[in-house]
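Undergrad: Handing you this structure, nothing more for now.
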Amino acid sequence: MRRYPTWLVKPFSPDGTARTVRELVGDLDLVTVCESALCPNLRECYSQRQLTFMILGNRCTRTCRFCAVDHGKPQPVRADEPARVAEAVQRLKLRHVVITSVARDDMADEGAGHFVDVVRAVRERNPGITVETLVPDFHARRELISRIMADPPEVFSHNLETVERLTPAVRVQAQYPRSLEVLRLASSMASDTLIKSGMMLGLGEQPGDVRHAFTDLLAAGCTHLTLGQYLRPTPEHLPVVEYLSPERFAWYEQLAYAAGFRWVQAGPFVRSSYHAIDALHAEESLTFE
């Protein structure tokens, strides 16, 4: 049996709202990364009507060694998915929505066009909604990122996931420079969009590795950052090298702010879209100061 440090144990308590959200997602035949990636915050976030929709199916064409999302031959894209996501957003009365996807390297446009269709449908049915797109790397193809940014989301997010030294082992089909280029391209295309990334810690990185990643992210135009603890989904995934204490995460958060990030959220349970609306609220506070 796996034993976690005391700070990684969450109390379990039944919650009617969380159950309602889960049932709605099921009724509309939608996928959330919260469930597919075995997120430890699922019950907490569902109880607050916070969730991240995962579009383009529930099977990824990549086999990242940290990720619990299923992989293999993907299913055909369903044309009615944009309408179903938009309906879910309306029924849940969301003010902010995060939309992510599996990687679809099998498609000519890697799913970028469907991403655009989903965002458009959500905005048409939910006036005033703010949107965060948490995208795969699209192989850093300018024409695909420009499609996402043609009607820019309030937040454009792409996760660096880990430090440069560990990328080949952790993200077998991804590249550290390519992820930075994705962020750089998005940053160059829309000055009002927040550019966000996320990293997992506990995979064997050293403070110097993390500082180097901070420098690279800032140079790519990233201004908002999440730092969380890597948790091994199954014995087939990469093992955890270190469980960082809350105090260690606070130290990394201070380092990130000192490096120049405008907003940082760091902690053992932090995930890339955890309390995602807080990034926008923080930016509004800065605007009015």
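The values are calculated or read from the model by the stated rules, or taken from the named source; none is laboratory data. A quick note: this is a predicted structure, and the numbers were derived from the prediction, not measured. Backbone-built Cβ (ideal geometry, glycine too); neighbour counts: all protein chains shown.
Undergrad: Looking for whichever is surrounded by fewer than 15 Cβ atoms within 10 Å (Cβ to Cβ) and at negative phi here; the options are 81, 23. Which one fits?
TA: 23
Undergrad: Restricting region 185-211 to residues that are closer than 15 Å to residue 224 by Cβ and out of contact with any strand residue (DSSP E or B) (no Cβ under 9 Å at 6 or more places or on another chain), which is surrounded by the fewest Cβ atoms within 10 Å (Cβ to Cβ)?
TA: 192
Undergrad: Then there's this: Being among the small types (Gly, Ala, Ser) and assigned to a helix (DSSP H, G or I) is the filter here; which residues of region 215-256 pass it?
TA: Those that are among the small types (Gly, Ala, Ser) and assigned to a helix (DSSP H, G or I): 219, 250, 256.
Undergrad: Further question on the same structure: Looking at 229, 254, can you tell me which residue is among the polar types (S, T, N, Q) and farther than 24 Å from residue 135 by Cα?
TA: Being among the polar types (S, T, N, Q) and farther than 24 Å from residue 135 by Cα holds for just one of 229, 254, which is 254.
Undergrad: Among the listed residues 244, 183, 225, 217, identify the single one that is more than 21 Å from residue 138 (Cα to Cα) and of a type in the set (A, V, I, L, M).
TA: Going through 244, 183, 225, 217 in turn, the sole match is 244.
Undergrad: Among the residues of region 163-175 satisfying the criterion of being among the polar types (S, T, N, Q) and free of Cβ contacts under 8 Å to residues at least 60 places away in the same chain, which is surrounded by the most Cβ atoms within 10 Å (Cβ to Cβ)?
TA: Step by step, filter region 163-175, then rank; the result is 167.
Undergrad: Going by what's in this entry, would residue 150 be described as aliphatic (A, V, I, L, M), in contact (Cβ under 8 Å) with a residue 24 or more places away in the chain and out of contact with any Pro (no Cβ under 6 Å at 6 or more places or on another chain)?
TA: yes
Undergrad: Show me the helices (runs of 4 or more DSSP H) found entirely inside region 1-85 where at least 2 residues are out of contact with any helix residue (DSSP H, G or I) (no Cβ under 9 Å at 6 or more places or on another chain) and farther than 26 Å from residue 247 by Cα.
TA: Here the list reads 16-27, 33-36.
Undergrad: Regarding region 44-59, can at least one residue be identified that is at pLDDT 90 or above, farther than 20 Å from residue 119 by Cβ, surrounded by fewer than 19 Cβ atoms within 10 Å (Cβ to Cβ) and in contact with a strand residue (DSSP E or B) (Cβ under 7 Å, 6 or more places away or on another chain)?
TA: Within region 44-59, one or more residues are at pLDDT 90 or above, farther than 20 Å from residue 119 by Cβ, surrounded by fewer than 19 Cβ atoms within 10 Å (Cβ to Cβ) and in contact with a strand residue (DSSP E or B) (Cβ under 7 Å, 6 or more places away or on another chain).
Undergrad: Do we have any residue at all in region 106-121 that's of a type in the set (Val, Ile, Thr), modelled with pLDDT of 95 or more and part of a loop (DSSP other than H, G, I, E, B)?
TA: No: zero hits.
Undergrad: Check residue 178 against each of (1) touching a helix residue (DSSP H, G or I) at 6+ places or on another chain (Cβ under 9 Å); (2) farther than 14 Å from residue 160 by Cα; (3) surrounded by fewer than 23 Cβ atoms within 10 Å (Cβ to Cβ); (4) at pLDDT 95 or above and name the one condition it does not meet.
TA: (2)
Undergrad: OK, next. Considering only residues that are charged (D, E, K, R) and farther than 16 Å from residue 153 by Cα, which ones fall in region 78-114?
TA: Passing the criteria: 78, 80, 81, 84, 87, 91, 93, 104, 105, 106, 109, 110.
Undergrad: Of all the residues that make up region 248-270, how many are buried (at least 17 other Cβ atoms within 10 Å of the Cβ) and out of contact with any helix residue (DSSP H, G or I) (no Cβ under 9 Å at 6 or more places or on another chain)?
TA: So the answer is 3.
Undergrad: Filter region 232-246 down to residues that are aliphatic (A, V, I, L, M) and more than 12 Å from residue 5 (Cα to Cα) and give me whichever is surrounded by the most Cβ atoms within 10 Å (Cβ to Cβ).
TA: The qualifying residue surrounded by the most Cβ atoms within 10 Å (Cβ to Cβ) is 238.
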